Amino acid sequence: MFDVSRVQKELTECNRDKAISGVSIALYEGGSDLSHLRGTITGPVSTPYEGGTFLIDIQLPSGYPFEPPKMQFITKVWHPNISSQNGAICLDILKDQWSPALTLKTALVSLQALLSAPEPDDPQDAVVAKQYLQEYPTFVATARYWTEAFARTSVAIEEKVRRLVEMGFPEDLVKSTLDSVNGDENLALEKLCSS
Amino acid sequence: MAEYEDCPSSSDVEEGDCYLSDQEDAIEESVLQGLEDRREEESHWSLSSVITKESLLAAQKEDLRKVMELFALKEQHARTLLIHYRWDVERIFELLDQKGRERLFSEAGVSNVENKILSTSPTPVMCTVCFENVIENAVTEMDCGHSFCNECWTEHFIVKINDGQSRRIRCMAPKCNAVCDEEVIRNLVSAKYPDVADRFDRFLLESYIEDNNKVKWCPSVPHCGNAIRIEGDIYCEVECTCGIQFCFNCSSEAHSPCSCLMWELWTKKCQDESETVNWITVNTKPCPKCHKPVEKNGGCNLVACICGQAFCWLCGGATGRDHTWSSISGHSCGRFKEDQAKRTERARRDLYRYMHYHNRYKAHTDSLKQESNLKETIQGKISISENKESKIKDYTWVINGLSRLFRSRRVLSYSYPFAYYMFGDELFKDEMTPQERELKQNLFEDQQQQLESNVEKLSMFLETDFQFFSDDEVMDIMRHVINLSNVVDRLCKQMYQCIENDLLYPLQRATHNIAPYKSKGLEKASELSVCWDSDQSLTSMKTSLDDHYVQWDPTQNRIGSTSHKRHCEHQLHGSSSSDDSGCSSRKRARTSSHSGASFFDLNMPAEVIDKI
Ligand SMILES: [Zn+2]
Ligand SMILES: [Zn+2]
Ligand SMILES: [Zn+2]
Ligand SMILES: [Zn+2]
Ligand SMILES: [Zn+2]
Ligand SMILES: [Zn+2]
Ligand SMILES: [Zn+2]
């Protein structure tokens, strides 16, 4: 079993300054399993990812922190080092360059940095990497479009769900209500209150 | 020449100018040849020595000491350096000039020890891995200056050792390239997991074999426990003290004059016989009526099955029997296309070519197997001869002739796969013009044929029942055997020279290294001699390690080894209970090969060796 006390400390530490760092970590799907977490990073400014919020699935192996955490984008993202198919990440510190003195927060911050500075020479997604190198404007447009399409709505919805749930409504009901009003938070609140 | 007329062998073979009829010439020739040998072998010298369980530590210490003395280093730092540079002491000396000490060390992960600052803070410090405050004596600082708590270091080491990375365990600090001090690793790990510490030590010891270009495990199955160290050219064939002969470069059976690549391709080809499969699929089609495979005969595309059904070769559909060259009655599939016919032709040609070479290769390996049975028969004949009324008492020429026969037969059989690749399209398609290729092929095949006919003659003489012959007849056979032995030896040598100088050397792109011809057969690897000087610690270390490695089994617990996987299984079954089986089998093999084989040449394919 991995070092539970360290992971707990990491979570507290990371979420303390999430407003500044733009990264945060929560238990996955509101579960209670410390080995399955969900990271959130905001898209860096003046990149095609600006304005997006990206969710990352984090799984901790039993050897953590002596073995690297497994991370994968949940939110679809158009980036040379991230698979457009399944969100797999190509980043050295998640592989052989992992060090036990690194933390989940540093790893998420590195992912943020990766969004700002792609490394197309060591690609995870060959198609994206080729586009990045050969048709940069098209790449920027596609990445921006993907951010708009996947990283905004999904997170906006997530956020709205979280807020409404925190007001005391059951999550299932919140989700279906938001769905029925096309994501309009105020309409959903009205509907929830009147039902 | 006349004297051979009445001898049964000479009627069907040509007497080339290579067959020396005069024995004095032969002797003179062999003296000259001897001089040439030495010249030849100087360019390809290799010395092999065997590293046993007992001498491994000594061999490693020898190199360690050189490096420790040169740089005034601690043993663990010397080891880190040597592991990084693959135990190549000469290379380290070279790189010292090129890179300088600082870079040489840092690239290998050896920290500059002088820079170490001893921290003296008495207060508890926070370990940045477990985020706990720990008292200072529970913290260990590496040479690179990074410190973490002992618990965390230990976990880190265990994960790395279990992961098979014992030889280069890096510091835990991010981006720190320093390799952890093996002494620290040993101490911390053994305090908690003594068995893992043992494994760590064994990994370090075996690094001398596994991370070393000049040392290879003996490929024997079950494993004899030895490794072979080479000095000089690594493209050579060696013989372990267990009796097995192998190509040092690729660890498969000795295969010269084939290059390693040729041999690899050839064995693969023989295994799957893809050509045959290919030929059958291209050349037969199932009958639309009875579904038996039917072979096409001739250029006609209307084929008939033995069941009487006629069908169209191109589409497989049933047809009537009337047809012309370009159409079949009652049928218009329109698939009379050139390329189909060409493809068939090509597949057929490729198969015939492969079969040509394979049949000859096979014939000679089969002969080799049969001739290896001669060993006993000949021993019997010799003892009859020695006991009969005769003035001839010395029969070593028979034994020598037999050795020569095996060696040359071996060369002959491997010369066929060589020719298959040398003159085929697979490896050197664009390296030669068709004219060049034909010229070279003729040159080579002339030599091959000469060798072949003389080897057969030698074989024939050795198979005679000389024990019943008169002294004069025996003398005659002896002359033939001695002459032919010299001739085939020279022809083998010529063939290797031709391959190196005339065939391979002019090629631009291809690099095929062929292990040199050894006229006297492969030399058995010598026992490694390391001088044990007055170094007391060395001796005591050896004893303690010997106790440590009672469970010697180089194939156990190996992670990420390459060619050894297949020995592993045997070994794990064979000797998991004790080391006795591994040890004694080695000793047994060694004694038998020393005593029994003193005259007998094992220079033959491994498959033959198995059956003797
Ligand atoms: Zn710690
Ligand atoms: Zn360090
Ligand atoms: Zn051996
Ligand atoms: Zn080889
Ligand atoms: Zn039929
Ligand atoms: Zn016909
Ligand atoms: Zn047809």
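Annotations
- Phi to ³J(HN,Hα) by Karplus 6.51 cos²θ - 1.76 cosθ + 1.60 over the stretch B:378-394, Hz, x for Gly, Pro: 5, 4, x, 4, 5, 5, 4, 4, 5, 8, 8, 5, 6, 8, 7, 10, 9
- Residues whose amide H lies under 5 Å from that of residue B:287, counting only those 5 or more places away or on a different chain, are B:292, B:294; hydrogens are built 1.01 Å from N in the peptide plane.
- From the alpha carbon centroid of the stretch A:156-170 to that of the stretch B:437-479 is 95 Å.
- For chain A: rounded, prolate or oblate by the Cα gyration tensor [a/c cutoff 1.5]: oblate
- Ignoring lysines fewer than eight residues from residue B:289 along the same chain, the ones with Cα atoms less than 26 angstrom from its Cα are B:337.
- Set of lysines with alpha-carbon distance to residue B:268 below 25 Å, sequence-local pairs under 8 removed: B:216, B:362, B:369, B:429, B:565, B:611
- Difference of contour (0.36 nm per residue) and Cα-Cα distance, residue A:165 to residue A:36: 44.3 nm
- 10 Å Cβ neighbours from other chains, averaged over peptide B:128-135: 4
- For the peptides B:343-353, B:472-482, the ranking by packing is B:472-482, B:343-353, with the highest mean count of neighbouring Cβ atoms within 10 Å listed first.
- Derived scalar couplings ³J(HN,Hα) [the stretch A:43-60; Karplus, 6.51 cos²θ - 1.76 cosθ + 1.60; whole Hz; x for Gly, Pro]: x, x, 5, 6, 10, x, 9, 4, x, x, 10, 10, 9, 10, 7, 10, 10, 9
- For chain A, the relative contact order comes to 17 percent (Cα pairs under 8 Å, sequence separation of at least 6).
- Counting only other chain Cβ atoms within 10 Å of each residue's Cβ, the peptide B:152-160 averages 3.
- The stretch A:87-194 shape via C-alpha gyration tensor axes, a/c threshold 1.5: oblate
- Near the amide H of residue B:317, within less than 5 Å, lie the amide hydrogens of B:312, all on another chain or at least 5 residues away, with H placed in the peptide plane.
- Heavy-atom accessible surface of the stretch A:1-149: percent carbon and sulfur, 1.4 Å: 53 percent
- For residue B:51, distant residues with modelled amide H under 5 Å away: B:227, B:228, B:229
- Contact order normalised by residue count of the stretch A:154-194, Cα under 8 Å, 6+ apart, percent: 34 percent
- For the stretch B:346-521, relative contact order (Cα pairs under 8 Å, six or more residues apart, normalised by length) works out to 28 percent.
- Rounded to whole Hz, the Karplus (6.51, -1.76, 1.60) HN-Hα couplings of the stretch B:85-95, x for glycine and proline: 9, 6, 6, 9, 4, 4, 4, 4, 4, 4, 5
- Residue-averaged 222 nm ellipticity for chain A, from DSSP H runs of 4+ at -39500 (n - 2.57), nearest 500: -13000 deg cm²/dmol
- Pairs from the table (B:61/B:175; A:76/A:160; B:74/B:160; B:292/B:342; A:70/B:160; B:74/B:175) lying more than 27 angstrom apart at Cα are B:61/B:175.
The values are calculated or read from the model by the stated rules, or taken from the named source; none is laboratory data. Because the structure is a prediction, the values reported are computed rather than measured. A quick note on method: Cβ atoms are made from the backbone with ideal geometry, for glycine too, and the neighbour counts reach across all protein chains shown. Surface areas here come from the heavy atoms of the whole protein model, side chains and all, with no ligands, DNA or RNA. Shrake-Rupley method; radii C 1.70, N 1.55, O 1.52, S 1.80 Å.
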